[in-house]
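Working notes for the structure below.
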Amino acid sequence: GAVVSQHPSWVICKSGTSVKIECRSLDFQATTMFWYRQFPKQSLMLMATSNEGSKATYEQGVEKDKFLINHASLTLSTLTVTSAHPEDSSFYICSARDWRGDQPQHFGDGTRLSIL
Amino acid sequence: LAKTTQPISMDSYEGQEVNITCSHNNIATNDYITWYQQFPSQGPRFIIQGYKTKVTNEVASLFIPADRKSSTLSLPRVSLSDTAVYYCLVGGPAGGTSYGKLTFGQGTILTVHP
């Protein structure tokens, strides 16, 4: 079945560091990928929609300069958390959808980000 | 985006059939209904997707009435490993006005007891 790979699975870094998270679709092409954030015991919250070859679309309240998204190919989207602070610590999850529109989204296994 | 409402939690026992109902009164004509399962510290895993009537795969069935304002996920003979959070989502395919965006509700915490 469709597989979405997310890397790294866990990262711990100092406050002020920028962290890049990769999301890859392994066996299909994804014109659209999505980035979510999930806090403990809460649901997933959509942060932004990443479109191949164009600018990402951010949800209300999400700082685009803080969370940089690049979708340079049909199989890779990256999320960079710039100048991360402890309040950015969370579980970040990406999803990708096959370019054939009737296919469901498939999710990566998430990245646990801990900012000290 | 259509909002969904599910029970916050459900309890069951091994070997029983579990039915989780989701209401989505404002579903749009182009929207599909998709169910995901999530374990702690993992990304959601696709279970089943449907548009109308009944869909069945190797792990679950999805029942959708004619008005599509609700749907029921049916898990046959659950086991302890089915303890997880189950999300019902409504969203459109590519080309639809929602461009495939999915909005997660709170989900249903299913606990399966021995």
For residues in the stretch B:26-40 being part of a loop (DSSP other than H, G, I, E, B) and touching a strand residue (DSSP E or B) at 6+ places or on another chain (Cβ under 7 Å), which is modelled with the highest pLDDT?
B:PHE39
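Could you pull out the residue among A:THR82, A:THR57 that is surrounded by fewer than 19 Cβ atoms within 10 Å (Cβ to Cβ) and modelled with pLDDT of 95 or more?
Working: A:THR57 fails: modelled with pLDDT of 95 or more.
One residue alone meets the criteria, A:THR82.
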Among the residues in the stretch B:103-113, are any more than 10 Å from chain A (Cβ to nearest Cβ), among the hydrophobic types (A, V, I, L, M, F, W, C) and in contact with a Leu (Cβ under 6 Å, 6 or more places away or on another chain)?
yes
If I filter the stretch B:42-82 down to residues being away from chain A (no Cβ under 14 Å) and among the basic types (Lys, Arg), which single residue comes out as surrounded by the most Cβ atoms within 10 Å (Cβ to Cβ)?
B:ARG68
Whichever residue in the stretch A:35-54 is more than 14 Å from the chain's Cα centre (by Cα) and more than 30 Å from B:THR108 (Cα to Cα) and, among such residues, is farthest from the other protein chains (Cβ to nearest Cβ):
A:GLY53
Could you list all residues from the stretch B:41-71 that are within 22 Å of A:LEU44 (Cβ to Cβ) and assigned to a loop (DSSP other than H, G, I, E, B)?
B:SER41, B:GLN42, B:GLY43, B:PRO44, B:VAL59, B:ALA60
Kindly indicate whether any position in the stretch B:18-25 is part of a loop (DSSP other than H, G, I, E, B) and within 14 Å of chain A (Cβ to nearest Cβ).
no
Within the stretch A:16-34, tally of residues that are without any contact (Cβ under 8 Å) to a residue 60 or more places away in the chain and within 12 Å of chain B (Cβ to nearest Cβ):
0
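Would you list the strands (runs of 3 or more DSSP E) that sit entirely within the stretch A:15-114 and hold 1 or more residues that are farther than 27 Å from B:PHE39 by Cα?
Details: elements: A:19-25, A:32-38, A:44-51, A:67-73, A:76-81, A:90-97, A:105-107.
Strands (runs of 3 or more DSSP E) meeting the threshold: A:44-51, A:67-73.
The values are calculated or read from the model by the stated rules, or taken from the named source; none is laboratory data. Just so it is clear, the model here is predicted, and its values are computed rather than measured. Neighbour counts are summed over all protein chains in view; Cβ atoms, including those assigned to glycine, are modelled from backbone coordinates with ideal geometry.
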